[in-house]
Amino acid sequence: MGKHGSIVKRITDIFLSIVLLTISSPLLLISIIAIKLNSKGPAFFVQERIGYNGKPFKMIKLRGMIDNAEALGPLLTQEDDPRLTPIGKVLRRISIDEIPQCINVLKGDMSIIGPRPEVPGIARHYSDEEKRVFSFKPGITGIAQVNGRQTLSPAQRVRMEIEYYSSANIFSDLKVALKTPIIILSNEGNI
């Protein structure tokens with residue numbers, strides 16, 4: 001949390017990622033076992049996303065869809081997406097599938113709070129103005145995740161993110177961090 005690129009933000013990201021991974025490790029283990037028992041394929045889903053300065057990186061999540069789901073459907077999850085597994089629906093409902101992204105934070109690819117990293121197929125169509133979102137390290141949660149989440153179009157989300165992160169600070173990020181569990185528990189904006 002804090003100003004983009006600051007040492008305070010990086011130290012906070014590392015500390016919070018270690019704490020989140022440690023606290024959630026029993027839940028992650030149970031989730032991994034449930035995924036493996038429920039469907040064929042790996043427990044983790046690794047997908048290329050576009051991050052800071054427009055550079056691609058591999059984002060890590062728990063797999064909530066059938067194996068090879070990307071080849072069978074649209075880039076983005078749709079409402080009532082038939083590719084979601086029963087376990088995947090539960091994981092996504094309470095955002096457990098996002099926890100492995102703490103590994104991306106530790107690697108420096110992501111931050112705890114920042115713009116949502118986009119898939120290359122959508123990011124390549126961004127206007128020059130929308131590409132400004134790549135000036136900020138992507139986050140696990142952020143302003144769009146607590147203000148509309150998946151109900152926002154990519155264009156709406158990017159506009160919101162550019163406006164917010166251009167002047168974000170430790171206090172505004174703290175508000176986002178405190179609002180995130182409320183949004184997750186209410187399932188607001190999730191499809």
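Label separation (Gln150 vs Asp67): 2.3 nm, computed from points 7 Å beyond Cα along the C-beta direction. Applying a threshold of 32 Å to the alpha-carbon distances of Lys40/Lys175; Lys9/Lys61; Lys40/Lys131; Lys36/Lys131 flags Lys40/Lys175; Lys40/Lys131; Lys36/Lys131 as lying beyond it.
In plain terms, the bigger the Kirkwood radius, the slower the diffusion; for the range 96-187, with that radius from Cα pairs, at 4 °C and 1.567 mPa s, Stokes-Einstein puts D at 96 µm²/s.
Going Cα to Cα from Lys137, which aspartates and glutamates come in below 18 Å? Please leave out same-chain ones fewer than 8 positions away. Hits, sequence-local ones excluded: Asp13, Glu48, Glu98, Asp109, Glu118, Asp128, Glu129, Glu161, Glu163, Asp173.
Summing +1 for each Lys or Arg and -1 for each Asp or Glu among the other residues whose beta-carbon sits under 10 angstrom from that of Ala144 gives +3.
The distance between label points at Glu163 and Ser135 comes to 1.6 nm (points 7 Å beyond Cα on the Cα→Cβ vector). The trypsin sites (Lys or Arg not before Pro) of the range 115-178 meeting both criteria, a DSSP state outside H, G, I, E and B (loop) and at most 12 other C-beta atoms within 10 angstrom of the site's C-beta, are Arg124. Modelled label positions at Ile23 and Leu106, each set 7 Å beyond Cα in the direction of Cβ, lie 1.7 nm from each other. Taking the C-alpha atoms only, the angle from helix 154-165 to the longest principal axis of the chain is near 50 degrees.
Write out the GluC sites (Glu not before Pro) in the range 98-164 meeting two conditions: DSSP loop, and at most 13 other Cβ atoms within 10 Å of their Cβ.
On the way: sites: Glu98, Glu118, Glu129, Glu130, Glu161, Glu163; in loops: Glu129.
Answer in residue order: Glu129.
Computed over all pairs of different Cα atoms, the Kirkwood value for the hydrodynamic radius of the chain is 16.9 Å.
No value in this document is a laboratory result; all are computed from the given coordinates. Quick caveat, the model's predicted, so the values are computed rather than measured. Positions of Cβ are backbone-derived with ideal geometry, glycine not excepted, and every protein chain shown enters the neighbour counts.
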